[in-house]
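Participant: The structure is given below, and queries will be raised subsequently.
The values are calculated or read from the model by the stated rules, or taken from the named source; none is laboratory data. Just so you know, these numbers come straight off a predicted model, no measurement behind them. Cβ atoms come from the backbone with ideal geometry, glycine included; neighbour counts cover every protein chain shown. We work out accessible area using only protein heavy atoms, side chains counted, and drop any ligands, DNA or RNA first. Shrake-Rupley method; radii C 1.70, N 1.55, O 1.52, S 1.80 Å.
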Amino acid sequence: MLGSILPFNEETADRVSAYCEKNSHGIPDALVEHWEWTRTRFPDADKMSSRLQGSWMIFTARDRKPKRILEIGCYSGYSALAWYEGTRDTKAEIVTLEYSPKMIAASREAFKKYGVGDRVKLIEGPAENTLKTLEGEFDLIFVDANKDGYAGYVKTILDQGLLSANGIILCDNVFARGLTIGPDCAPWLNDHVRPYWNGCGQALDKFSAGLMEDPRIDVLLLPVFDGVTQIRWKDGAQRA
């Protein structure tokens with residue numbers, strides 16, 4: 001296959017997603033419960049990662065065995081719970097940043113319910129501020145917050161040396177439902193949310209272009225989920 005993406009229509013894409021879930025080790029019952037709770041409680045629950053993406057997070061954490069994880073954007077706590085599950089053996093510290101009072105309350109409720117307070121720390125406030133207060137290095141950093149902030153967040157991470165020598169940054173939703181690539185790439189998107197995602201797409205297009213100009217890092221943008229960009233230090237790169 002010379003191309004990188006099969007030409008699925010929307011119906012086939014749903015079938016493929018279901019097939020992947022069926023043939024992957026799923027998320028634990030507690031995460032299923034929390035995913036369903038979030039989906040039914042919040043009208044913007046499409047901002048939450050999918051069940052399959054939760055499996056990917058758990059798999060990735062078990063594979064990389066990070067000692068410290070940072071996520072920018074907690075939402076209802078689903079991803080933090082997945083990172084927790086994936087690091088039960090390594091007992092990694094998980095730091096998650098969130099700005100929305102509504103989602104802070106939801107996350108704190110979830111963390112208390114599922115008993116993950118021993119390793120999950122929620123820091124409240126705008127990430128552009130709280131990120132600058134962090135110290136030490138993180139082995140896995142997950143960026144899934146306001147899309148117009150990605151460029152600044154990653155720059156701060158790199159400039160402050162928050163990414164460990166062998167660490168990885170994973171930036172989610174870099175396709176912005178397809179609108180990063182072009183306005184014609186998301187015909188299925190309804191008009192109510194299209195302006196929001198169009199703005200995200202424009203910001204993320206600039207973000208992706210800017211990454212390619214940073215001589216310190218290697219970048220790989222993968223067509224999985226809603227687009228995931230992987231970032232690592234170049235071998236021998238000068239770190240902060």
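Participant: Mind listing just one residue for me: the one in segment 44-54 that is open to solvent by 20 Å² or more (accessible area, probe 1.4 Å) and in contact with a Ser or Thr (Cβ under 7 Å, 6 or more places away or on another chain) and, of those, nearest to Cys171 (Cα to Cα)? Spell out the reasoning first.
Facilitator: Our first condition is that a residue be open to solvent by 20 Å² or more (accessible area, probe 1.4 Å); within segment 44-54, this holds for 44, 46-48, 50-52.
Then drop every residue that is not in contact with a Ser or Thr (Cβ under 7 Å, 6 or more places away or on another chain), which leaves 48, 52.
Working: Met48: 14, Leu52: 17 Å.
Top of the filtered list is Met48.
Participant: Within segment 26-43, identify whether any single residue is at pLDDT below 95 and either under 23 Å from Cys171 (Cα atoms) or part of a loop (DSSP other than H, G, I, E, B) (or both), and answer yes or no.
Facilitator: Yes: one or more hits.
Participant: Filter segment 173-200 for residues that are open to solvent by less than 60 Å² (accessible area, probe 1.4 Å), over 18 Å from Leu220 (Cα atoms) and not in a loop (DSSP other than H, G, I, E, B) and give the result.
Facilitator: Here is the first cut: in segment 173-200, the residues open to solvent by less than 60 Å² (accessible area, probe 1.4 Å) are 173-180, 182, 185-186, 189, 193-194, 197-200.
Then drop every residue that is not over 18 Å from Leu220 (Cα atoms), which leaves 177, 179, 182, 185-186, 189, 193-194, 197-200.
Within segment 173-200, Arg177, Arg194, Trp197, Asn198, Gly199, Cys200 qualify.
Participant: From the residues in segment 201-227 that are under 23 Å from Ser50 (Cβ atoms) and of a type in the set (A, V, I, L, M, F, W, C), which one is surrounded by the fewest Cβ atoms within 10 Å (Cβ to Cβ)?
Facilitator: Residues of segment 201-227 under 23 Å from Ser50 (Cβ atoms): 201, 203-204, 207-208, 220-227.
With the extra rule that they be of a type in the set (A, V, I, L, M, F, W, C), the set shrinks to 203-204, 207, 220-222, 224-225.
Values: Ala203: 18, Leu204: 25, Phe207: 23, Leu220: 10, Leu221: 17, Leu222: 12, Val224: 13, Phe225: 16.
It comes out as Leu220.
Participant: Could you grab the pairs with beta carbons closer than 6 Å, sequence gap of 6+ or different chains, first residue in segment 176-197 and on the phi < 0 side of the Ramachandran plot, second one of a type in the set (Lys, Arg)?
Facilitator: Ala186/Arg177; Leu189/Arg177; Trp197/Arg177
Participant: Tell me which residues, restricted to segment 1-25, are in a loop (DSSP other than H, G, I, E, B) and not aliphatic (A, V, I, L, M). Can you show your working first?
Facilitator: We begin by selecting, within segment 1-25, every residue in a loop (DSSP other than H, G, I, E, B); these are 1-9, 23-25.
Once the filter is applied, which keeps residues that are in a loop (DSSP other than H, G, I, E, B) and not aliphatic (A, V, I, L, M), segment 1-25 yields Gly3, Ser4, Pro7, Phe8, Asn9, Asn23, Ser24, His25.
Participant: Please count how many residues of segment 46-55 are touching a residue at least 24 places away in the same chain (Cβ under 8 Å) and assigned to a helix (DSSP H, G or I).
Facilitator: 6
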